[in-house]
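Structure, as structure tokens:
The values are calculated or read from the model by the stated rules, or taken from the named source; none is laboratory data. These numbers come from a predicted model, not from an experiment. Here the Cβ positions follow ideal geometry from the backbone for every residue, glycine too, while neighbour counts run over all protein chains shown.
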Amino acid sequence: MSAFNAIGEEREIDRDEFTPGNEPQPTWCPGCGDFGVLKALKQALPEVGRNPEEVLTVTGIGCSGKLNSYLDSYGFHTIHGRSLPVARAAKLANPELEVVAAGGDGDGYGIGGNHFIHTARENHDMTYIVFNNEVFGLTKGQTSPTSPKGHKSKTQPSGSAKTPIRPLSQSLNAGAGYIARTAAVNPNQAKEIIKEAIEYDGFAHIDFLTQCPTWNKDAKQYVPYVDIQDSDDYDHDIHDRTEASQMMFETENKLYEGEVLTGRYYVDDESPSYQQEKQAIGEMPDEPLVERYFDDDYEWERSYDLLDRHK
Amino acid sequence: MTDDELIWRIAGGSGDGIDSTSQNFAKALMRSGLDIFTHRHYPSRIRGGHTYVEIRAAGHEVQSRGDGYNFLLALGDSFARNPKEEAVYGDEEIKPLSENLDELREGGVIVYDSGLLEDDDVAELNLEERAEENDWHVFPIDLRGMAKEHGREVMRNTAGVGVTAALLEMDLDHIEDLMTDAMSGDVLEANLSILRDAYEMAQAEYEFEHDVRAPSGEHDEEQVLVSGSNAIAYGAIDEGCRFIAGYPMTPWTDVFTIMTQNLPKMGGISEQVEDEIAAAALAVGASHAGVKAMSGSSGGGFALMSEPLGLAEMTETPLVLVESMRAGPSTGMPTKPEQADLEHVLYTSQGDSQRVVFAPGNIEEAYDQTRMAFHIAYEYQIPAILIYDQKLSGENKNVDESFFDREPNPTLGSTLTEEELQEAAHEASGKFMRFQSDPDETENGVSPRSLPGQKGGRYLASGNEHWPSGHIAEDPDNRVLQMDRRTRKLDSIREELDEEHDSQQTYFGDESADLGIITWGSQQGTVEEAVERLNDAGHAVKGIGVSDMMPFPDAELTEFLESVDEALVVEMNASAQFRGLLQKELGRFGPKLTSMLKYNGNPFEPGEIVEGFQIRLGGDSAEPTAQVRFEPAAGD
Ligand SMILES: Cc1ncc(C[n+]2csc(CCOP(=O)(O)OP(=O)(O)O)c2C)c(N)n1
Ligand code: SF4
Ligand SMILES: [Mg+2]
């Protein structure tokens with residue numbers, strides 16, 4: 001018998017279940033792309049049969065980090081850049097949870113960049129949504145790791161001299177199993193991609209273009225956008241690493257030329273998730289570890305039985 | 001210094017197998033009925049560099065490394081032999097024989113490997129003259145040659161042990177048994193025969209004019225030889241900790257390694273991760289999801305944990321961290337002990353700190369206080385930190401096997417089950433009131449938690465200040481209620497520690513004395529021994545080893561300090577951090593306190609404390625011979 005009966009509960013999930021019953025209302029600016037992520041996620045979760053109490057959303061700090069303030073589920077609003085290590089441990093502790101991590105481009109590609117690389121490399125079975133608005137929103141518009149070269153802000157008054165990060169390419173190199181880019185202005189595609197990411201058994205990374213009308217005025221609203229799966233101009237094989245890599249490179253370049261390409265870039269259907277790898281070498285139990293703490297019959301191991309080597 | 005004890009020092013190069021050889025020899029002495037205490041000294045590199053282990057063995061209980069040593073087995077540093085490396089290694093080859101030779105007691109024994117140490121180098125030490133002066137008994141023996149005869153040079157350790165046993169008039173039985181357990185096949189055969197040959201050779205070739213012998217003793221029950229790191233890991237295992245995340249750093253790596261070697265076999269999880277920020281954040285994530293979790297590091301790595309530590313405080317996520325201090329600042333002296341991270345551990349992270357900090361004073365306390373840390377962390381939803389150091393981490397001591405015969409305690413503390421959640425308070429929106437602020441509902445400051453996946457328990461955990469439902473809030477009244485509640489937990493913890501458990505402070509010496517010695521953490525055993533000697537020598541002295549750093553045991557320390565006219569505060573740092581804490585917490589007693597500080601990389605020896613006491617409180621006006629500094633308290 002499980003001590004976590006929200007998990008896998010057999011029932012109809014109402015499409016509004018992830019919408020909080022009353023306060024708080026989102027405090028994002030009018031027109032902010034973050035609304036698009038919230039909406040797509042709220043729709044996607046019931047459609048893949050998840051209920052609010054089997055979902056744990058783990059966010060960083062930024063405008064984006066408020067995601068789980070406005071989504072009715074278990075939530076953990078952590079610290080700047082550290083959503084991934086918190087999220088992946090929760091998943092190891094209870095692999096039955098549906099874990100979704102989220103945060104900004106500064107949060108995930110800047111201060112938390114090291115965790116991003118390592119979580120992708122380990123291929124933890126979870127979804128990671130990066131709200132990429134190409135600026136630091138919450139702290140009032142400073143240059144971020146994805147701001148285009150030449151981007152001016154109060155902290156880069158002469159324009160950024162740095163080449164922006166390539167989030168998709170970096171994710172591929174690090175080892176993520178599912179990589180996509182979508183945009184707040186394309187809610188249907190966003191919802192479908194989130195659903196695929198949740199269903200994917202491994203680390204699914206979504207670079208989510210979220211316009212920031214307040215601090216990134218000169219930047220595009222990410223329209224018009226192209227869905228590379230729908231376009232006749234592109235037909236790369238998403239299971240082919242090399243083709244995916246080329247497509248990503250082109251997409252990253254085009255964004256700074258004003259052309260917004262979105263869609264699925266890479267899907268690895270073969271590699272096992274980290275949990276599976278760890279179980280295969282005998283370093284992770286088959287039953288969720290948390291259940292043991294509620295099992296009255298479990299015989300807890302004692303240090304007393306380890307003492308032979310000390311005699 | 002007592003004469004009914006052996007302090008055997010085995011010295012050689014790092015990488016010479018000193019650790020395993022000494023471990024087995026210590027166990028052999030323990031099996032023969034003796035009490036054991038070991039001290040390990042090693043440089044921060046893998047190969048070469050002088051390293052030694054001291055084993056103190058006596059027929060009575062031993063609490064510290066003791067003073068000096070009375071038997072030296074100098075193997076010579078085999079990795080310092082490359083002539084091309086001379087510039088780097090300098091005179092290191094001779095160091096196992098030459099270093100701290102002054103600390104060899106009168107009448108002491110020296111066995112050195114004449115097959116490895118050059119005659120010229122030895123000649124420079126004036127060994128003959130000094131031996132004459134100090135009544136030392138010197139045995140130059142070609143251990144390397146003997147080992148070579150039997151096949152492998154590295155076995156000169158075994159030859160050294162054979163000679164040692166012969167000179168100490170010990171039986172070889174226990175040593176042979178231990179070798180048989182640890183090795184097999186040809187290696188075992190070769191080692192056993194070299195051991196016997198060396199033993200018989202020493203018996204046949206030398207006249208025994210020295211007085212040092214293996215003491216005799218008897219144990220009432222089976223003993224186990226454990227280190228402070230073992231004790232911490234075992235305490236965690238017995239409290240049901242099944243998740244650890246870490247990043248290697250000396251000396252914390254010992255605990256991390258022991259846990260990692262054991263947890264998977266118990267269906268637990270260990271994660272070596274990208275850095276210490278991640279390590280602490282993983283422990284927070286695992287604990288949030290409902291597993292008993294820990295992480296840890298040493299000074300520099302612990303600095304990286306500051307922000308996740310604050311997150312655990314604010315989200316009231318139970319968490320146990322260990323901080324194994326080494327000499328700082330910065331990379332400092334990685335393999336040398338110091339107690340200079342106390343303030344760091346007490347106060348690091350933004351905001352008012354709301355955490356529990358224990359500093360165990362010996363190996364048994366390391367086990368007990370680790371268990372207490374988990375109990376408190378999960379009951380009160382608060383980070384609990386064990387602060388110890390390279391000394392306690394690496395020293396080994398014999399403990400009754402039955403000491404570990406305890407019940408496990410895997411409970412998750414103040415965590416609700418799904419049934420309990422149905423009865424619990426919820427917001428109109430359906431969110432569980434995870435962070436109730438009403439003082440009537442949360443008398444001891446604790447508001448029970450739910451776990452993700454439980455029905456009826458959803459809430460938001462946030463590092464931002466929050467409403468009872470977890471939602472972010474900057475409302476002043478709510479803020480004060482929540483801060484007061486979280487702070488109240490520390491008062492409740494103090495109350496529980498005072499009223500429901502035996503004190504974690506250790507008292508020793510003459511209860512009616514007017515003079516006191518105060519110490520904290522790993523120096524306790526050494527101070528205990530010093531106090532005993534002072535009392536034996538006719539002084540009246542009482543001592544206390546303090547473990548509760550936060551919440552501070554105000555009542556106990558007030559009582560202690562009121563009962564004495566003056567006290568010496570002994571700690572291993574340069575800025576008298578514990579004395580500062582004492583004054584901050586108690587707000588008085590300054591004029592009674594003098595600090596005795598040591599920060600040269602070596603822990604105190606009992607004799608140094610005896611000397612310090614005599615100089616500061618005993619009316620002696622001499623200068624200390626030890627590398628220590630005295631400092632009066634503010635307000636003196
Ligand atoms: C350790 C730390 N450094 C800095 C900050 C201040 N800070 C908060 S959010 C943020 C950047 C937010 O940018 P991004 O991650 O892109 O999120 P957005 O607001 O754009 O969604 C910064 C610098 C912080 N909270 N913590
Ligand atoms: S500042 Fe930008 S990112 Fe933040 S809420 Fe406003 S529009 Fe959105
Ligand atoms: Mg941003």
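Quick look at the numbers
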quantity	calculated
Among the residues listed as A:Gly106, A:Gly110, A:Gly137, A:Gly141, the single one being within 12 Å of ligand 3 (Cβ to nearest atom) and modelled with pLDDT under 95	A:Gly141
Residue satisfying all of: in the range B:181-212; touching a residue at least 12 places away in the same chain (Cβ under 8 Å) and either under 23 Å from B:Glu395 (Cα atoms) or of a type in the set (Val, Ile, Thr) (or both); nearest to the other protein chains (Cβ to nearest Cβ) among these	B:Ala182
Selection within the range B:447-484 - polar (S, T, N, Q) and surrounded by 19 or more Cβ atoms within 10 Å (Cβ to Cβ)	B:Ser447, B:Ser450, B:Gln454, B:Ser462, B:Ser469, B:Gln482
Among (1) outside any loop (DSSP other than H, G, I, E, B); (2) within 15 Å of the chain's Cα centre (by Cα) - the single one B:Glu419 does not satisfy	(2)
Residue check for B:Arg371: basic (Lys, Arg), more than 30 Å from A:Phe18 (Cα to Cα), in a loop (DSSP other than H, G, I, E, B) and within 14 Å of chain A (Cβ to nearest Cβ)	no
Residue list for the range A:14-38, restricted to those being within 16 Å of ligand 1 (Cβ to nearest atom), in contact with a helix residue (DSSP H, G or I) (Cβ under 8 Å, 6 or more places away or on another chain) and modelled with pLDDT of 95 or more	A:Trp28, A:Asp34, A:Gly36, A:Val37, A:Leu38
Search result, residues across the range A:1-41 that are buried (at least 16 other Cβ atoms within 10 Å of the Cβ), without any contact (Cβ under 8 Å) to a residue 40 or more places away in the chain and either at the interface with chain B (Cβ under 9 Å from one of its Cβ atoms) or part of a loop (DSSP other than H, G, I, E, B) (or both)	A:Ile13, A:Trp28
Complete set of residues in the range A:73-107 that are outside any loop (DSSP other than H, G, I, E, B), of a type outside the set (A, V, I, L, M) and either away from ligand 2 (no atom under 16 Å from the Cβ) or under 13 Å from B:Pro452 (Cβ atoms) (or both)	A:Tyr74, A:Gly75, A:Phe76, A:Ser83, A:Pro85, A:Arg88, A:Lys91, A:Glu98
Among (1) more than 8 Å from chain B (Cβ to nearest Cβ); (2) under 17 Å from A:Glu277 (Cβ atoms) - the single one A:Leu92 does not satisfy	(1)
Which listed residue, of B:Tyr234, B:Tyr247, is closer than 16 Å to B:Lys397 by Cα and either within 14 Å of chain A (Cβ to nearest Cβ) or within 20 Å of the chain's Cα centre (by Cα) (or both)	B:Tyr234
Selection within the range A:108-166 - in contact (Cβ under 8 Å) with a residue 40 or more places away in the chain, in a strand (DSSP E or B) and more than 15 Å from ligand 2 (Cβ to nearest atom)	A:Met126, A:Thr127, A:Tyr128
Qualifying residue in the range A:53-61 (condition: within 16 Å of ligand 3 (Cβ to nearest atom), facing another protein chain (nearest Cβ under 9 Å) and touching a residue at least 60 places away in the same chain (Cβ under 8 Å))	yes
Breaking point among (1) surrounded by fewer than 24 Cβ atoms within 10 Å (Cβ to Cβ); (2) farther than 17 Å from A:Tyr298 by Cβ, for B:Met266	(2)
Tally, over the range A:131-175, of residues that are within 14 Å of ligand 1 (Cβ to nearest atom) and in contact with a His (Cβ under 6 Å, 6 or more places away or on another chain)	1
Spans of helices (runs of 4 or more DSSP H) in the range B:473-571 with at least 3 residues among the basic types (Lys, Arg)	B:476-500
